[in-house]
Amino acid sequence: MSFVPAVLPMHPPTPTAWCFAFVGKQLLVPDALELALLPHPVTLFEARAHSRHYLGRLSDLDCWALGFDEAPAGWRAVPLRAAMTQFGSPLMMVAGRAAQVLEWDRAHRFCGACGTPMVLLPHERARRCPGCGLVAYPRVSPAMMALVWRGRELLLARSPGYAPGVFSALAGFVEAGESLEECVHREVAEEVGVKVANLRYYGSQSWPFPHSLMVAYTAEWVGGEIVPQADEIEAAAWFAIDDLPAIPPPFSIAGHLIRDAVANLRGEPAAG
Ligand SMILES: [Zn+2]
């Protein structure tokens, strides 16, 4: 399944389309099916949608983001995160894109500078203020993720709100004026109080809760004992790679990062 992004609908339209329809932050799935998404004619939805945005084509089918006030008959709303665990990539990456475009649309109806209603620009994903000219694009918030390692151990932590028993790599948002590398050093120091070196870029993933771009690194421990940050880190510890706690699912970059690091430290080829 290859995805080709576009702002303007391609011609001719495909007879059926992937319709990523949302009520708030919840994805609509057909009642009749056990959590499945199938291509549907977009005409089935668009009359009742309060916002609609073309996204591009996935496997030669049009993709639309559609915002509803309530689920139409025969459909139910499920949390996007639950759907993502079920469907996997790349369908859910496009669903994540749809969620972010709809969230941007919802949050930029009025100019943040002068309060004038914003208008959609036809040829790019942006809203412009006719009063003062301010242009608002979908917001992307970079966040770093750091998996700290020491010998054959990984430093994993829990934040309040994680599923029970789950530990993950450290993560935090990049501050204005900060590089990703500076962010890794600062967040690791703040969250667990240790020093790291030998940062290695691992990969990145768009994370639509609500508009993060996760940028993942591995980092080697060089000093300091773990001191969990009050309020942010519920628990943090070194775990031997053969005795890990529950970790995030493989579809998340945290899940990939930890599984690949374990394979690397064991000298196995990466899981990919
Ligand atoms: Zn304005």
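The values are calculated or read from the model by the stated rules, or taken from the named source; none is laboratory data. All figures in this text were calculated on a predicted structure; none of them were measured in a lab. Here the Cβ is made from the backbone with ideal geometry for all residues, glycine too, and neighbour counts use every protein chain on show. Surface areas here come from the heavy atoms of the whole protein model, side chains and all, with no ligands, DNA or RNA. Shrake-Rupley method; radii C 1.70, N 1.55, O 1.52, S 1.80 Å.
Some points to look at:
- Dipole magnitude (debye, nearest 20) for segment 3-107, charges at Cβ of Lys, Arg, Asp, Glu: 180
- Mean separation of Cα contacts under 8 Å (6+ apart) over length of segment 141-266, as relative contact order %: 34
- Mean projected area of the convex hull spanned by the Cα atoms of the chain, taken over all viewing directions: 16.9 nm².
- Simple Cβ-charge dipole of segment 141-266, Lys/Arg +1 and Asp/Glu -1, about Cα centre, in debye nearest 20: 440
- Computed over the chain, relative contact order equals 15 percent, with contacts defined as Cα pairs under 8 Å that lie 6+ residues apart.
- The Cα-based radius of gyration and maximum Cα-Cα distance (Dmax) for segment 3-107 are 12.4, 33 Å.
- Segment 62-121, dipole about Cα centre (Lys/Arg Cβ +1, Asp/Glu Cβ -1), debye to the nearest 20: 140
- Mean separation of Cα pairs under 8 Å and 6 or more residues apart, divided by the residue count, gives segment 3-107 a relative contact order of 34 percent.
- Packing-based ranking, highest mean first, of 139-145, 243-249 given that Cβ atoms within 10 Å are counted: 139-145, 243-249
- Once backbone amide H atoms are built at 1.01 Å from N, Val196 has Val222 as its partners under 5 Å, excluding neighbours fewer than 5 places away on the same chain.
- Whole-angstrom gap from segment 128-180 to segment 196-225, using each part's C-alpha centre: 8
- Probe 1.4 Å, accessible area per residue of the chain, Å²: 50
- Protection proxy ranking for 80-86, 173-179, 219-225, using the average of other Cβ atoms within 10 Å per residue and placing the highest first: 80-86, 219-225, 173-179.
- With each label modelled as a point 7 angstrom along the Cα→C-beta vector, the Leu61-Ala82 pair spans 2.2 nm.
- For segment 141-266, the spread of Cα positions along the three principal axes, ordered from largest to smallest, is 37, 31, 29 Å.
- Furthest towards positive pole of dipole, Val196, Met145, Leu155, structure part segment 82-237, Cβ charges: Met145
- Taking each residue as 0.36 nm, the span from Ala73 to Leu121 lengthens on full extension beyond its C-alpha to C-alpha distance by 14.0 nm.
- Percentage of interatomic Cα-Cα distances in segment 196-272 larger than 20 Å: 43
- In this label model, Val23 and Trp238 are separated by 5.1 nm, measuring between points 7 Å along each Cα→Cβ vector.
- With every protein chain in place, segment 3-107: carbon and sulfur % of accessible area (1.4 Å): 57
- Set of segment 85-117 residues, backbone N closer than 12 Å to the point 7 Å along the Cα-Cβ line of Phe209: 85
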